[in-house]
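Read-outs throughout are calculated quantities, based only on the coordinates presented, and are distinct from any laboratory measurement. Predicted model only: the values in this text are computed from it and were never measured.
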Amino acid sequence: MMNQVFAWEWRKNNIAWYWLALAGTSFLGLLMGISQYTAYRADFEAQGATYLAVWGQSALLPATLFIPILVGALQAQKMSGEHNGRNIARLKTIGAEGKYVKAVTFHAFVVSLFSALLFGVLQLGAGVFLGFRIADAFSLMPRLFVLALAMTAWQLIVIGIGVRLSGFSSIVTVVLIASLIGFGMAIAAPALSAIYPPALLAHASAVRSIGDFYATGSMIATGFICLTWIILGMIFVKIQFNRAKL
């Protein structure tokens, strides 16, 4: 049953726009990172900084603003489709809320992993362009994984909102307002980013605390926070599912 629900989640929406938008906005951020690196190349080379030097600037706007909005809009599209097709009502009728929550969580995690992978591939491309060693790009993998966890947590919150709100425009409005608040929080009060899901992506990417990028303790702590938010998100989705009207 869960496999069927997940398969349906994966194929029922056309999300080509999401991947194009993600690639485009990530590339825009990457251009900013490359520009900063080339402007201060001598200083970065003296420090032995490669991919991290590019990451600090290239991930700033994507992690603090673009990606929260994009994944939120993605789930807004999916959830408005759920209501239009009365899928939630049907699943509630047969008592499949538990399987539904697991399926949407897994789907959100898979989307997040591929999104983080795409972002990482673009970072690799920038590194090759700048003459970095390809092997050094693997140092980004732990942070990319933590970023994927943060994306999953935020998507689950949006899914929970989408179970409650039926219209695409209403869900997207909430996503935009929440993401803009998160952007302001990530810029003005980065220490508080961990307690607010839209800003959690900035915290996970370490763009506002670049000195902690490779710190194992920081990644473990952030990963734990993300997992906590994922669990809370799953609970939130289930509560909203149970409250949804048939």
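For segment 108-113, backbone phi angles converted through the Karplus equation (6.51, -1.76, 1.60; θ = phi - 60°) give residue-by-residue couplings of 4, 5, 5, 4, 5, 4 Hz, Gly and Pro being listed as x.
Using a cutoff of 8 angstrom between alpha carbon atoms and counting only pairs six or more residues apart, the relative contact order for segment 145-246 works out to 43 percent.
What residue among Ile171, Ile134, Ile69 has the largest mean-square fluctuation in a Gaussian network model of the chain, using Cα springs under 10 Å? Of Ile171, Ile134, Ile69, the Gaussian network model singles out Ile134 as fluctuating most.
Running a GNM on the chain with Cα contacts under 10 Å, which residue among Leu113, Leu52, Leu31 ends up with the highest mean-square fluctuation? Residue with maximal mean-square fluctuation among Leu113, Leu52, Leu31: Leu31.
For the chain, modelled as a GNM whose springs connect Cα atoms under 10 angstrom apart, the maximal fluctuation among Ala103, Ala116, Ala16 occurs at Ala16.
Dividing the mean sequence gap of close Cα pairs (under 8 Å, 6+ apart) by how many residues the chain holds gives a relative contact order of 27 percent. Our helix-only sum for the chain, with -39,500 (n - 2.57) per DSSP H run of n ≥ 4 divided by its residues, gives a mean residue ellipticity at 222 nm of -26000 deg cm²/dmol. Between the alpha-carbon centres of segment 32-47 and segment 186-246 there is a gap of 30 Å. Give me the aspartates and glutamates in straight-line cross-link reach of Lys99: C-alpha distance below 20 Å, same-chain residues under 8 apart excluded. Straight-line reach from Lys99, under 20 Å: Glu9, Glu82.
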